[in-house]
Amino acid sequence: MKFKRVVNVAVGVVMTVVGPSAQAADEANSAKTRINLAGLQRTLSQKVAKAACFAHLLPDEEAYWNEANKARADFSKKLAILVEGDAAQDLAPEQNAEVLEAIQRVSRAWQPIDTKLSQSQGKLTRAEVVSIAAASNEVLDLMNNAVSLIEAAYAGSDTVSPVRARTINVAGFQRTLSQQAAKEFCLLATGSKPSLHQQALADKASAFTQALDQLRNGSGGLEKPAERIAHDLDRLTKTWSRLEPVYERIASGERPTQDEVSFIATQNNRVLTDMNRIVYRYAILK
């Protein structure tokens, strides 16, 4: 059985004000950077919960705890950039009131996760891990809404083409799916609500497989990959082909072995690294 499901999530672009001769290019670069940044927030919300789960589950908890705290700090920093802008990235402060309100909703939902992790001193119970995972889903939903509003407010032919924007969006969401699948796998390994997390694992992994096929083929309204990106996608496919059978088996109801837990805990980040490289290439292509 192969996983098959399509995920469509909108992310946004932003406009900047520059001299007439450079305005279009600068706006396009700013737009692609904003798409990448907004997409990464979705990923970080799931990476935090995933790493916290593995820190609870595995003996080498310090490495995963460090991963969770780094992702937590990155999320908070990038959330501020989405509001205040960042001169180093040529991103202007957000001016749209509806977008700002949406980001504030994300911030309010994020606060309990941030507080729980900062006060936990590296020790979490299974109940706390499950609570953080549930809260991360709310943050993700609100972040999806926020980036959809950003797209509605700013996307246009004078910033970045709709095909490129959608391709960056889908590639960016692959990063999120890689972390969601690993998170659901980890929750299953803790023994938390098998029926709920089995279906979630199947959904996330199938969505990743479907979108990977679209990215490789330039189908589903996506941009045909350039040679360098096609090479990176081939390498990612090989990595994913090692994780997919494990996810498929566990989603069908079997219990993961300790070796499988350790394997997924490390290899999911290889998928994320590969996807970060691919998104970056799309973001810098002219």
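Any read-out appearing in this document is the output of simple, stated calculations on the displayed coordinates, not a laboratory observation. These numbers come from a predicted model, not from an experiment. Glycine gets a Cβ as well: all are built from the backbone with ideal geometry, and neighbour counts include every protein chain shown.
Averaging Cα coordinates gives a centre for region 182-198 and one for region 205-243; these two points are 26 Å apart. For region 121-243, the alpha-carbon coordinates run over 49, 37, 29 Å along the three principal axes, in decreasing order.
Given contacts defined as C-alpha pairs under 8 Å and at least six residues apart, what's the relative contact order of region 23-284, whole-number percent? Don't skip to the answer; put the middle values down first.
Numbers: 313 pairs, mean separation 66.5, N = 262.
Answer for region 23-284 is 25 percent.
Under 5 Å from the amide H of residue 91 lie the amide H atoms of 86, each residue being 5 or more positions distant or on a separate chain, with H modelled from the backbone and absent for Pro and chain starts.
Our note on the geometry: Cα centres of region 86-148 and region 268-286, 22 Å apart. Name the residue farthest towards the positive end of the dipole of the chain from the options 225, 152, 243, assuming +1 on Cβ of Lys and Arg, -1 on Cβ of Asp and Glu, about the Cα centre. Going by the Cα projections, it comes out as 243. For residue 223, nonlocal amide neighbours, meaning residues 5 or more places apart or on other chains whose placed amide H falls under 5 Å from its own, are 167.
Pairwise inverse Cα distances across region 57-189, averaged and inverted, put the Kirkwood hydrodynamic radius at 16.6 Å. Please report the base-10 log of the normalised intensity I(q)/I(0) for region 23-284, using a Debye sum with one equal scatterer per alpha carbon and no solvent, at each q in 0.09, 0.11, 0.15 (1/Å). These q points yield log10 I(q)/I(0) values of -0.40, -0.59, -1.09.
Computed from backbone phi with θ = phi - 60° and the Karplus coefficients 6.51, -1.76 and 1.60, the 3J(HN,Hα) list for region 170-177 is 5, 4, x, 6, 4, 4, 5, 4 Hz; x is used for glycine and proline.
The distance between label points at residue 259 and residue 213 comes to 3.0 nm (points 7 Å beyond Cα on the Cα→Cβ vector).
From the cross-link list 193/224; 183/224; 32/183, which pairs have alpha carbons spaced over 32 Å apart? Present the calculation step by step, with values, prior to reporting the outcome.
Values: 193/224 40 Å; 183/224 30 Å; 32/183 28 Å.
Over 32 Å Cα-Cα: 193/224.
State to the nearest 20 debye the size of the charge dipole of region 224-286 about its Cα centre, where the only charges are +1 on K and R beta carbons and -1 on D and E beta carbons. Show your work: numbers first, answer last.
On the way: 11 positive and 9 negative charges, 79 e Å.
Value, rounded to 20: 380 debye.
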